[in-house]
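Asks: Just passing along the structure, written as structure tokens.
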Amino acid sequence: MPKAKRPKIAVWKFASCDGCQLSLLDCEDELLAVAGAVDIAYFLEASRAVVKGPYDISLVEGSITTPHDAERIQEVRRVSTFLITIGACATAGGIQALRNFKDVKEFISIVYAKPEYISTLDKSTPIADHVKVDFELRGCPVNKYQLIEVINAFLNRRKPNVPTYSVCVECKRRGTPCVMVARGTPCLGPVTQAGCGAICPAYHRGCYGCFGPKETPNTVSLSAWWRKLGVNDHDLVRAFRGFNAYAEPFRKESERYEQR
Amino acid sequence: MSDEQFIIEGTDFQKLLDALRQQGYTTVGPTVRDGAIVYDEIASVKDLPIGWTDEQDGGRYRLQKRNDQALFGYVVGPHSWKKFLHPPVLSLWKARKNGKSFEILPNRNDSPRYAFIGVRSCELHAIFIQDRVFTNGKFIDPHYQARRQKVFIVAVNCVQAGGTCFCVSMKTGPKATLGFDLALTEIIDGQKHYFVVEVGTEKGAEIIQRVPAKPAQPNDIQIAEERIARAAQQMGRHLDTTDIKNLLYRNLEHPRWDEVATRCLNCANCTMVCPTCFCTTVEDVTDLTGTEAERVRKWDSCFTMDFSYIHGGSVRASAKSRYRQWLTHKLASWIDQFGTSGCVGCGRCITWCPVAIDITEEVRAIRESEQVSKKGE
């Protein structure tokens, strides 16, 4: 492909841990192919060299937590043809969305010596609450193969193969016996979107819900079963308040048990 | 085939595996892994679940120690033989861009020659049901067919039933009556441990000749029959199949579908563990430069939204419609489509449903509601 025609790609960071953009650097074998196929024009984690916009694809990591970022995301949207959000922070508000269930001003007064220097929003919110998003890639962190698949799909103008069904489908395809059935281990897999490759159950752990709610999740039924497995209301609230705490189905379920 | 049956001593079981492996078969069978008895490659009798059994109920499976050294003292686990005959993920073809055209690259799906060790009667019926789906009629699935034609089947008759078993209701067990090369009945009687072996095919007879085996006495055969008959009395579940097709067709708007939908996670586990569910999706993938493409087939499920997606949305958007589709296909429209029920009564969908939804209970609820309303008339 002639160099001039390579699509320009930018990687942006908002409130996040950088883990998702590191997934791109973590692509190792595929990284050279990615670098060959696209012009990495703005990726501060990887290079200080910056090519000016506009960009064909913007990968956005992180959630919106400050008034400054709420403005910055508008600028990112303006200079991007396709805007793809990557990771639980960008798609659901991330672990920092736990603030959404409390009074953030109280935290500030406890944590910071000079609270008046802190300019922050009441809530941590996903990018799609602020601008139009062309594709949301879930995960905490995102799965690097899914990340390549999404970039690949946009480059080749096809639909990304990113299924929205449960983690259970991945467990069964790889032959992992269900940890909930065979061990009585509470697992969020039946309400969580596939994509990680069902890692935790393969190591005899229940799913933590890193990829957020699946399509049409029945959290009410799953919680009722967890109660039968001996999980108390408090722990149920905590289970749904992970990296995707503010994704609506998980939020509603945790609030239902918090209010009991 | 002669009706002659044989005895193989428990201590000689390894020789049966050896004979199969010497004939070039990859021996696959039950083994303990991750808290369950799964199917995987086995080379040695030590790989078998010696002295283990499985305790099963709705949404619950536990391994338990037996007080003997049975090799096949369990029922069925989360895996079924379809993972070998109809792999969960399979590359169908690859293509490479060639100027303005493209070329299809040869498919290198070398399918192994499997010997299945420990196939239960319900599972034999499940294989026969999938045969009808994949190798009958106008459109043959070459991938399934290639694997299926080469398989050697060592069936094992059930001498105990599990908590979610209902093969007797579905007339699929517990005794293997068709489609095996060898069928074993494991007998443990005090210090005695042996297998009564029935030969089903010429291939089976050839293998038996390579294993120390002596003719079975009428008494041995009788003991085996008694043990199998005892298993038939132990079924943990029962499904009344009387006029089941019309029963379900009559009740497509039954309120029970709404009720089960409140419990159903639409997680797809039941379809994944079902030994007859065969649905797949295909994913087309490209490399980053767009010069190579690949089509991959993966197990899919009628419980996903994408499964019934057509332009504008999913036909079966509600959990109710998806559960109803699965159950009525399995037990009713399957009969119209393939001439048999799609259910073999193995109980996997009951055991491995994370919230214990029970297909026999759902049918019973619908049937009983009709009986109640008839009485009320």
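The values are calculated or read from the model by the stated rules, or taken from the named source; none is laboratory data. All values derive from a computational prediction rather than experimental measurement. Backbone-built Cβ (ideal geometry, glycine too); neighbour counts: all protein chains shown. Just so you know, the surface numbers come from the protein's heavy atoms only, side chains and all, with ligands and any DNA or RNA stripped out. Shrake-Rupley method; radii C 1.70, N 1.55, O 1.52, S 1.80 Å.
Asks: What pairs come up if the first residue lies in segment B:228-239 and is outside the structural domain of residue B:157 (by TED's automatic domain parsing) and basic (Lys, Arg), the second is in a helix (DSSP H, G or I) and open to solvent by less than 40 Å² (accessible area, probe 1.4 Å), and their beta carbons are under 7 Å apart, counting only those six or more places apart or on different chains?
Replies: Cβ pairs passing all conditions: B:237/B:350; B:237/B:360.
Asks: So, in segment B:115-150, exactly how many residues are open to solvent by 10 Å² or more (accessible area, probe 1.4 Å) and more than 13 Å from the chain's Cα centre (by Cα)?
Replies: Number of matching residues: 18.
Asks: Can you pull out the residues in segment B:277-292 that are part of a loop (DSSP other than H, G, I, E, B), open to solvent by less than 40 Å² (accessible area, probe 1.4 Å) and under 15 Å from residue A:149 (Cβ atoms)?
Replies: The answer is B:288, B:290.
Asks: Report, ordered by the first and then the second residue, all pairs with beta carbons closer than 7 Å, sequence separation of six or more or different chains, a first member in segment B:13-38 that is free of Cβ contacts under 8 Å to residues at least 12 places away in the same chain, and a second member that is part of a loop (DSSP other than H, G, I, E, B) and surrounded by fewer than 21 Cβ atoms within 10 Å (Cβ to Cβ).
Replies: B:34/A:204
Asks: Sticking with this one: Please determine whether any residue of segment B:357-374 is surrounded by 16 or more Cβ atoms within 10 Å (Cβ to Cβ) and within 14 Å of another protein chain (Cβ to nearest Cβ).
Replies: yes
Asks: Can you tell me which residues in segment A:170-190 are of a type in the set (A, V, I, L, M, F, W, C) and facing another protein chain (nearest Cβ under 7 Å)?
Replies: A:178, A:180, A:181, A:182
Asks: Still on this structure, please answer the following. Might you let me know whether segment B:257-269 holds any residue that is away from every other protein chain (no Cβ under 14 Å), at pLDDT 95 or above and outside any loop (DSSP other than H, G, I, E, B)?
Replies: Yes, segment B:257-269 has at least one match.
Asks: Hey, another quick one. For the subset of segment B:9-45 comprising residues that are part of a loop (DSSP other than H, G, I, E, B) and either over 26 Å from residue B:85 (Cα atoms) or among the hydrophobic types (A, V, I, L, M, F, W, C) (or both), which member is farthest from the other protein chains (Cβ to nearest Cβ)?
Replies: B:43
Asks: Show the residue pairs that are 6+ apart or on different chains and have beta-carbon atoms under 6 Å apart, the first residue being within segment A:18-47 and within 14 Å of chain B (Cβ to nearest Cβ), the second being part of a strand (DSSP E or B) and of a type in the set (Phe, Trp, Tyr).
Replies: Hits for this filter: zero, empty list.
Asks: Out of the residues in segment B:301-318 meeting the condition of being surrounded by 17 or more Cβ atoms within 10 Å (Cβ to Cβ) and at the interface with chain A (Cβ under 8 Å from one of its Cβ atoms), tell me which one is nearest to residue B:278 (Cα to Cα).
Replies: B:301
Asks: Shifting gears a bit: Restricting the search to segment A:154-169, which residues are within 8 Å of another protein chain (Cβ to nearest Cβ) and of a type in the set (Phe, Trp, Tyr)?
Replies: Hit for segment A:154-169 is A:165, nothing else.
Asks: What's the total number of residues in segment B:271-281 that are touching a Lys or Arg at 6+ places or on another chain (Cβ under 8 Å) and within 10 Å of chain A (Cβ to nearest Cβ)?
Replies: Adding up the residues that qualify gives 3.
Asks: Within segment A:65-84, can you find the residues that are under 18 Å from residue A:10 (Cα atoms), touching a Lys or Arg at 6+ places or on another chain (Cβ under 9 Å) and buried (at least 21 other Cβ atoms within 10 Å of the Cβ)?
Replies: A:83
Asks: Can you confirm whether segment A:130-146 contains a residue that is of a type outside the set (S, T, N, Q), touching an Asp or Glu at 6+ places or on another chain (Cβ under 9 Å) and facing another protein chain (nearest Cβ under 8 Å)?
Replies: No, segment A:130-146 contains no residue that is of a type outside the set (S, T, N, Q), touching an Asp or Glu at 6+ places or on another chain (Cβ under 9 Å) and facing another protein chain (nearest Cβ under 8 Å).
Asks: Select the helices (runs of 4 or more DSSP H) contained entirely in segment A:158-260, then report the ones holding at least 2 residues which are of a type in the set (Lys, Arg) and open to solvent by 20 Å² or more (accessible area, probe 1.4 Å).
Replies: Correct list: A:167-174, A:219-228, A:248-258.
Asks: Look at segment A:118-144 and say how many of its residues are without any contact (Cβ under 8 Å) to a residue 40 or more places away in the chain and in a helix (DSSP H, G or I).
Replies: Residues in segment A:118-144 being without any contact (Cβ under 8 Å) to a residue 40 or more places away in the chain and in a helix (DSSP H, G or I): 0 in total.
Asks: Give the residues of segment A:4-58 that are within 26 Å of residue A:210 (Cα to Cα) and over 23 Å from the mean Cα position of the chain (by Cα), sorted by residue number.
Replies: Within segment A:4-58, just A:29 meets the criteria.
Asks: If you don't mind, another one. Give the residues of segment B:79-120 that are at pLDDT below 95 and at positive phi, sorted by residue number.
Replies: B:99
Asks: Can you list residue pairs whose Cβ atoms sit under 7 Å apart, with the first residue in segment B:147-160 being closer than 18 Å to residue B:74 by Cα and the second being crowded, with 23+ Cβ neighbours inside 10 Å and among the basic types (Lys, Arg)? Count only pairs 6 or more apart in sequence or on different chains.
Replies: Here the result reads B:156/B:120; B:158/B:120, each pair linking segment B:147-160 to a residue that is crowded, with 23+ Cβ neighbours inside 10 Å and among the basic types (Lys, Arg).
Asks: Any idea which of B:252, B:239, B:178 is under 30 Å from residue B:90 (Cα atoms), in a loop (DSSP other than H, G, I, E, B) and either in contact with a Lys or Arg (Cβ under 9 Å, 6 or more places away or on another chain) or open to solvent by 50 Å² or more (accessible area, probe 1.4 Å) (or both)?
Replies: The unique qualifying residue is B:178.
Asks: Can you find, within segment B:326-348, the residue that is nearest to the other protein chains (Cβ to nearest Cβ) among those that are out of contact with any Ser or Thr (no Cβ under 8 Å at 6 or more places or on another chain) and not polar (S, T, N, Q)? Working first, answer last.
Replies: We begin by selecting, within segment B:326-348, every residue out of contact with any Ser or Thr (no Cβ under 8 Å at 6 or more places or on another chain); these are B:327-329, B:332-333, B:336-340.
Going one step further and asking which of them are not polar (S, T, N, Q), we end up with B:327, B:329, B:332, B:336, B:338-339.
Details: B:327: 17, B:329: 18, B:332: 24, B:336: 28, B:338: 23, B:339: 28 Å.
The qualifying residue nearest to the other protein chains (Cβ to nearest Cβ) is B:327.
Asks: Please verify whether residue A:108 is assigned by TED's automatic domain parsing to the domain that holds residue A:37 and free of Cβ contacts under 8 Å to residues at least 60 places away in the same chain, treating the condition exactly as stated.
Replies: When the stated conditions are applied, residue A:108 passes them.
Asks: Only residues that are of a type in the set (Asp, Glu) and touching a helix residue (DSSP H, G or I) at 6+ places or on another chain (Cβ under 7 Å): list them for segment B:289-343, please.
Replies: B:300
Asks: Which pairs turn up if I take residues in segment B:346-359 that are of a type in the set (Gly, Ala, Ser) and look for partners that are open to solvent by 10 Å² or more (accessible area, probe 1.4 Å) and in a loop (DSSP other than H, G, I, E, B) with beta carbon separation below 8 Å, at least 6 apart in sequence or on another chain?
Replies: B:347/B:163; B:347/B:165; B:347/B:236; B:347/B:237; B:356/B:58
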